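To keep things clear, I will list the structure first and then write my remarks on it.
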Amino acid sequence: MAMQAFLNFLSLEKNYSGHTVNAYQKDLEAFLGFCKENFGTSQIESIEYPLIRSWIVSLVDSGISNRSINRKIASLKAFYKFLQRIGEISVNPLSKHKALKTSKKIEVPFSEQEMESVQLELSIEPGFEGARDGLLVELLYTTGIRRAELINLDMGAVDLESRNIKVLGKRNKERILPLLPSTIALFRTYFEERDNLVDILDERHVFLTKSGNKLYETLVYRVINRYFSKVSSKVKKSPHILRHTFATHLLNKGADLNSVKELLGHSSLASTQVYTHNSIAELKKVHASAHPRSKD
């Protein structure tokens, strides 16, 4: 079946994560269900744009956000592009489709003061979980590592002598991230606590639960929310906001955009530029206070 061949292509050739492949599959299955229910067809390979437009209209009517609809259509467009590639179709029915307009999403990073306050909160937490949570927050903030990269970090990828970690990012792209002295100290403390666990059921991964299993996504979110809720009134508190904070603080201090791009593991500068709005705001403040004309 063409859909399964497409999913295999994403997994085996494009090296997409299981989570991403599942998202594509759900989008395609939702469209297939719509086609069966409303038009009595399951041959999505031969469907033309007017039917796809009907699906888009139904999604809009159901209250789904334009951003979510665009993601679903992007999955469908990638599927038809794959069918073109293997010679199943000659024309992509979505080739001239224009994405729905969306409002620009601005994520607010944590301030330096909020980061210092959280660091203080974490420094007084005793035992294994305190050491783990302290390192978790520190690593997200001082390296810009992604949530999935943190969860999947291997013990063999940590080199405290060379002061770096080796991270396997999207598309299996490897990069080396430098560690600050404060981060190295937290690594040492955590490893001592980790070695004292009664059972280590997962020897491979750095971050574990207190029962010795690999850390999971929900727990990472829980840790971030627990500590940042104490010091910040921001609505969104997530691992990605810490990555955003890392990039913004570097840019505010004058870091080169290309260097930040490499640290984040972005394939293009366009991905990194979404973090520059805060540094521009900082530059405006400096400009207003330092330029001679600002006194007029």
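The values are calculated or read from the model by the stated rules, or taken from the named source; none is laboratory data. In this text the structure is predicted, and so the values were computed from the model without any measurement. When we count neighbours, we look across all protein chains shown, and the Cβ atoms used for this are built from the backbone with ideal geometry, even at glycine.
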Going through the range 162-197 in order, the residues found to be part of a loop (DSSP other than H, G, I, E, B) and either out of contact with any Lys or Arg (no Cβ under 9 Å at 6 or more places or on another chain) or surrounded by 15 or more Cβ atoms within 10 Å (Cβ to Cβ) (or both) are SER162, ARG163, GLY169, LYS173, LEU179, ASN196
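In the same structural domain as GLN119 (by TED's automatic domain parsing), surrounded by 14 or more Cβ atoms within 10 Å (Cβ to Cβ) and in a loop (DSSP other than H, G, I, E, B): is that true of VAL220 in this structure?
It is false that VAL220 is in the same structural domain as GLN119 (by TED's automatic domain parsing), surrounded by 14 or more Cβ atoms within 10 Å (Cβ to Cβ) and in a loop (DSSP other than H, G, I, E, B).
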Return the only residue of ALA99, ALA148 being surrounded by fewer than 18 Cβ atoms within 10 Å (Cβ to Cβ) and either free of Cβ contacts under 8 Å to residues at least 40 places away in the same chain or not assigned by TED's automatic domain parsing to the domain that holds TYR221 (or both). ALA99
Among the residues of the range 151-189, what is the count of those that are at positive phi and touching a residue at least 24 places away in the same chain (Cβ under 8 Å)? 2
Filter the range 51-82 down to the residues that are under 12 Å from ALA30 (Cβ atoms) and free of Cβ contacts under 8 Å to residues at least 12 places away in the same chain and list them by number. SER62, ILE64, SER68
Just for the range 223-245: of the residues that are of a type in the set (S, T, N, Q) and closer than 17 Å to LEU139 by Cα, which one is surrounded by the most Cβ atoms within 10 Å (Cβ to Cβ)? THR245
